[in-house]
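**Student:** Starting off with a structure, shown below.
Bear in mind these aren't lab numbers, they're just calculated from the coordinates by the rules spelled out. The structure displayed is predicted, hence computed values, not measured ones. No Cβ is skipped: glycine too gets one built from the backbone with ideal geometry, and neighbour counts run over all protein chains shown.
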């Protein structure tokens, strides 16, 4: 068993993998020379996998995993944690915005008695539009999910073996690593870290992808949208009752009634839209429940950089499936 593992999902990162390896190696060797770096390539279509194989041939402490297709960052983290073998595990992104030089500080904080130490980013080195959209996303997300998730904390953290073993038990299809670890619990601390600039390439996390992930996460971890739809339904009914009372009193006092098809049509379309929206919310929950009942594997691996990894993976997956 290695003393420390570093799990990194890789997507379109051919321009930074060599620099990532050099900086990781220099930073982790401050803690221990007994380490492993697990790079999970998510089929980005560039030369990332070839570079991972090149690094693995040069340093046996590098372990490469390539998916059969693009599954997404959250599943890359899951695969890395399924295959890591260490007392302490660091999870980070591959673009060097999570600075490897911060790992010794995370480890030092963990030695104070914490199983989870989060890296809290200071001033982000992202374009202003991305910072604004991320801020808006997390405010809406926290309200709808009914949680207190800090948008300054991403995947970058160090966790103990106990946390990894607990995480492996959670096999739901909709993955949000940070929230799952938050749900697991264990003593947690955070430290302020410097947010690095992107070393090469551009971010693949578009505003559309961010909101798609947010909506799926809401369905997976919160029923607040359903509760809000109930409240809104009662509010509309109450307003309709007040309006009906008003028209009834107006007819008694003045002998006139509200006529005209415009108000009727507008009200009809409004209520139909609300009903359809509520049915859509319910449909999302039913659809995700249906996906969970299929019990499909979270990810499929195409190849490894080392045949030993393949044997270990088959053993782990067979134990998970009960065969």
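**Student:** Show me 92-100, 166-174 ranked by packing, highest mean number of other Cβ atoms within 10 Å first.
**Tutor:** So the order, starting with the most tightly packed, is 92-100, 166-174.
**Student:** Once you have the Cα-Cα distance between residue 290 and residue 46, take 0.36 nm times their residue separation minus that, and quote the gain in nm to one decimal.
**Tutor:** Taking 0.36 nm per residue and subtracting the Cα distance, the gain is 84.4 nm.
**Student:** Figure the gain on full extension for residue 120 and residue 153 (residue separation times 0.36 nm, minus the Cα-Cα span) and round it to one decimal in nm.
**Tutor:** 11.4 nm
**Student:** For the residues 52, 236, 300, what sequence is obtained by ranking on other C-beta atoms within 10 Å, fewest first?
**Tutor:** With the sparsest Cβ surroundings first, the list reads 300, 236, 52.
**Student:** At a threshold of 8 angstrom on Cα-Cα distance, excluding pairs fewer than six apart, so keeping six or more, what relative contact order does segment 12-124 reach in percent?
**Tutor:** Over segment 12-124, the number comes to 31 percent.
**Student:** Most exposed first by the Cβ proxy, i.e. fewest other Cβ within 10 Å, how do 75, 254 rank?
**Tutor:** 254, 75
**Student:** Continuing with this model, one more query. Along Cα→Cβ, 7 Å out, is where each label goes; now give me the distance between the ones at residue 170 and residue 235 in nm to one decimal.
**Tutor:** 3.1 nm
**Student:** Let me ask something else about it. With labels modelled as points extended 7 Å from the Cα through the Cβ direction, what inter-label distance (nm, one decimal) is found for residue 192 paired with residue 226?
**Tutor:** For the pair residue 192/residue 226, the computed spacing is 4.2 nm.
**Student:** For the pair residue 139/residue 3, report the inter-label distance in nm, with labels modelled 7 Å from Cα in the Cβ direction.
**Tutor:** 4.6 nm
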